[in-house]
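Here is the structure we will look at.
The values are calculated or read from the model by the stated rules, or taken from the named source; none is laboratory data. Only a predicted model underlies this, so the values are computations on that prediction, with no experimental measurement involved. All Cβ positions, even for glycine, are placed from backbone atoms using ideal geometry, and neighbour counts span all protein chains on display. Side chains are part of the model used for accessible areas, which takes the heavy atoms of the whole protein and leaves out ligands, DNA and RNA. Shrake-Rupley method; radii C 1.70, N 1.55, O 1.52, S 1.80 Å.
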Amino acid sequence: MGLDVTVGGDGAPAEPLDWPSDLKTCAQVVRAVMTHADAPLTVEQVAQHFHRARRADVRELLETLAALGHVEATDEGAYAT
């Protein structure tokens, strides 16, 4: 999957992407955002990378990725790779 993901120093996107319609692709793009981040990101920061992303969906994907060991939840409520 060739995604052009750029994460700024404040966790903000250079250009928001369209939120995918299927779960598999949603998980892949959220993981891609996390991989490109230089620092832990909050649910809100990750959601800002997408047009029309529901915060609840982003939170659920991040929690799932954390449970699978792909990201790590911080004590401050953010997530990191």
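Of all residue pairs spaced 6 or more apart or on separate chains, those with beta-carbon atoms under 8 Å, a first member in the range 57-81 that is within 10 Å of Ala27 (Cβ to Cβ) and a second member that is exposed (fewer than 15 other Cβ atoms within 10 Å of the Cβ) are His70/Thr81. Looking only at residues in the range 21-53 that are closer than 17 Å to Thr74 by Cα and part of a loop (DSSP other than H, G, I, E, B), the one that is least open to solvent (accessible area, probe 1.4 Å) is Ala37. Taking the criterion of being assigned to a helix (DSSP H, G or I), at pLDDT 90 or above and surrounded by 10 or more Cβ atoms within 10 Å (Cβ to Cβ), would at least one residue in the range 12-20 satisfy it? For the range 12-20, residues assigned to a helix (DSSP H, G or I), at pLDDT 90 or above and surrounded by 10 or more Cβ atoms within 10 Å (Cβ to Cβ): absent. Can you tell me how many residues within the range 54-81 are among the polar types (S, T, N, Q), within 11 Å of the chain's Cα centre (by Cα) and open to solvent by less than 80 Å² (accessible area, probe 1.4 Å)? Counting residues in the range 54-81 that are among the polar types (S, T, N, Q), within 11 Å of the chain's Cα centre (by Cα) and open to solvent by less than 80 Å² (accessible area, probe 1.4 Å) gives 0. Within the range 60-75, being part of a loop (DSSP other than H, G, I, E, B) and aliphatic (A, V, I, L, M) holds for Leu68, Val71.
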